[in-house]
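Presented below is the structure to which this report refers.
The values are calculated or read from the model by the stated rules, or taken from the named source; none is laboratory data. Remember, it's a predicted structure, so these values are computed and weren't measured experimentally. Glycine gets a Cβ as well: all are built from the backbone with ideal geometry, and neighbour counts include every protein chain shown.
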Amino acid sequence: MGVSEATVSRVLNGKPGVSEATRQSVLTALDVLGYERPTQLRGERARLVGLVLPELQNPIFPAFAEVIGGALAQQGLTPVLCTQTKGGVSEADYVDLLLQQQVSGVVFAGGLFAQADAPHEHYHRLAERNIPVVLVNASIEGLDFPCVACDDAVAVEQAWRHLVSLGHERIGLVLGPDDHVPSRRKLEAARRVSKAAGGELADEFVGRSIFSLEGGQATAARLLERGVTGIVCGSDPLALGAIRAARRRGLSVPADVSVIGFDDSAFMTCTEPPLSTVRQPIEAMGRAAVDLLCAQIQGTRTHPGELLFEPELVVRGSTAPPSARRPAP
């Protein structure tokens with residue numbers, strides 16, 4: 001072929017400094033010799049789909065990964081799992097890597113898109129390149145990516161009414177950060193259902209936390225000091241943290257304090273007591289996300305906006321009528 005190894009390397013890696021004629025000669029030689037062209041040089045997107053998760057410690061995210069990965073495989077697509085870790089690769093860096101791999105699409109099951117005040121430039125880069133994207137549990141203002149979401153308002157209404165039906169009057173909330181969109185929706189719903197029940201949710205009964213067991217424990221401890229007898233949490237790990245906070249204060253769950261989680265993630269039947277929680281329909285949501293992505297990949301115009309899925313209250317052992325032994329402060 002009469003070109004140097006350095007020239008071949010530049011062609012294979014998409015680097016500048018090579019004439020178009022030489023580039024085509026190198027690619028033709030690859031084809032003749034039976035070598036597979038690198039993904040970025042094939043002229044079409046790979047059958048790869050980025051699956052971006054914020055963490056794996058919360059069991060809900062491995063559960064989403066399993067459902068979405070299985071549904072992608074059934075469509076002949078291969079998921080590329082991108083998980084953020086402290087001090088590791090950022091979500092924006094993952095997006096750059098996925099763009100380099102010429103992925104067919106990306107599914108975000110949690111991440112910076114769910115935080116209204118977080119940087120969103122990397123999502124705009126995907127939109128500019130016309131990469132099919134589906135979001136799970138929150139949308140991005142100004143971008144028409146389709147979204148599948150659990151109905152946060154219904155979830156809180158179910159949990160709140162359950163505690164009210166048991167006789168609880170001092171109900172607290174442990175939610176994610178102020179700019180976390182699903183947490184905002186849960187708070188709005190709690191205020192509505194509280195008002196409809198003839199009361200008003202006091203600001204002192206609303207706690208904000210990072211999404212971790214330790215964060216839930218610290219935030220719930222402050223609510224317990226204010227005399228709540230029931231706590232509705234924005235995730236199951238937050239709820240487990242609330243249970244730990246109650247026990248550290250010498251309180252019994254559910255005899256003194258009732259706790260409700262959100263997600264119904266793995267092993268919540270194995271906790272002590274088994275956790276009452278609001279179940280996300282993960283199977284249906286994951287499959288719908290893949291259907292929406294595949295429709296975009298195939299060139300079908302999908303309706304922008306959210307598909308809302310109905311949650312289900314699962315009552316177990318962490319909720320009971322309030323104890324007469326624990327007066328409000």
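Worth pointing out:
- Condition check for residue 256 on (1) closer than 18 Å to residue 165 by Cα; (2) of a type in the set (Asp, Glu); (3) in contact with a strand residue (DSSP E or B) (Cβ under 8 Å, 6 or more places away or on another chain): one failure, at (3).
- Scoring residue 274 on the criteria (1) touching a strand residue (DSSP E or B) at 6+ places or on another chain (Cβ under 8 Å); (2) touching a residue at least 40 places away in the same chain (Cβ under 8 Å); (3) over 30 Å from residue 74 (Cα atoms) leaves a single failure, condition (1).
- Flag set for residue 267, criterion: farther than 22 Å from residue 206 by Cα and assigned by TED's automatic domain parsing to the domain that holds residue 182.
- Qualifying residue in region 266-284 (condition: more than 22 Å from residue 321 (Cβ to Cβ) and of a type in the set (Gly, Ala, Ser)): yes
- Selection status of residue 249, in contact with a Pro (Cβ under 7 Å, 6 or more places away or on another chain) and either modelled with pLDDT of 95 or more or of a type in the set (Phe, Trp, Tyr) (or both): no
- Annotation: residue 215 fulfils all but one of (1) farther than 21 Å from residue 161 by Cβ; (2) buried (at least 24 other Cβ atoms within 10 Å of the Cβ); the unmet one is (2).
- From the options 276, 265, residue that is touching a Ser or Thr at 6+ places or on another chain (Cβ under 9 Å), of a type in the set (Gly, Ala, Ser) and modelled with pLDDT under 95: 265
- Within region 146-175, residues that are aromatic (Phe, Trp, Tyr) sit with their Cβ atoms under 7 Å from residues that are buried (at least 22 other Cβ atoms within 10 Å of the Cβ), at 6+ positions apart or across chains, in these pairs: 160/171; 160/190; 160/232.
- Where residue 115 falls short, out of the listed (1) polar (S, T, N, Q); (2) modelled with pLDDT of 90 or more; (3) farther than 21 Å from residue 180 by Cα: (3)
- Hits in region 202-211 - residues which are under 19 Å from residue 152 (Cα atoms) and not in a helix (DSSP H, G or I): 206, 207, 208, 209, 210, 211
- Residue match in region 136-143 (condition: modelled with pLDDT of 95 or more, touching a helix residue (DSSP H, G or I) at 6+ places or on another chain (Cβ under 8 Å), on the phi < 0 side of the Ramachandran plot and buried (at least 17 other Cβ atoms within 10 Å of the Cβ)): yes
- Any chance residue 315 is in contact with a strand residue (DSSP E or B) (Cβ under 7 Å, 6 or more places away or on another chain) and either modelled with pLDDT of 95 or more or at negative phi (or both): yes
- Restricting attention to region 70-118 and to residues that are of a type in the set (Gly, Ala, Ser) and part of a helix (DSSP H, G or I), the residue that is nearest to residue 131 (Cα to Cα) turns out to be 92.
- When 66, 121 are checked against the criterion of being under 14 Å from the mean Cα position of the chain (by Cα) and charged (D, E, K, R), a single residue qualifies: 66.
- Single condition residue 265 does not satisfy, out of (1) closer than 30 Å to residue 145 by Cβ; (2) polar (S, T, N, Q); (3) surrounded by fewer than 19 Cβ atoms within 10 Å (Cβ to Cβ): (3)
- Restricting attention to region 120-152, the residues that are out of contact with any Leu (no Cβ under 8 Å at 6 or more places or on another chain) and assigned to a loop (DSSP other than H, G, I, E, B) total 9.
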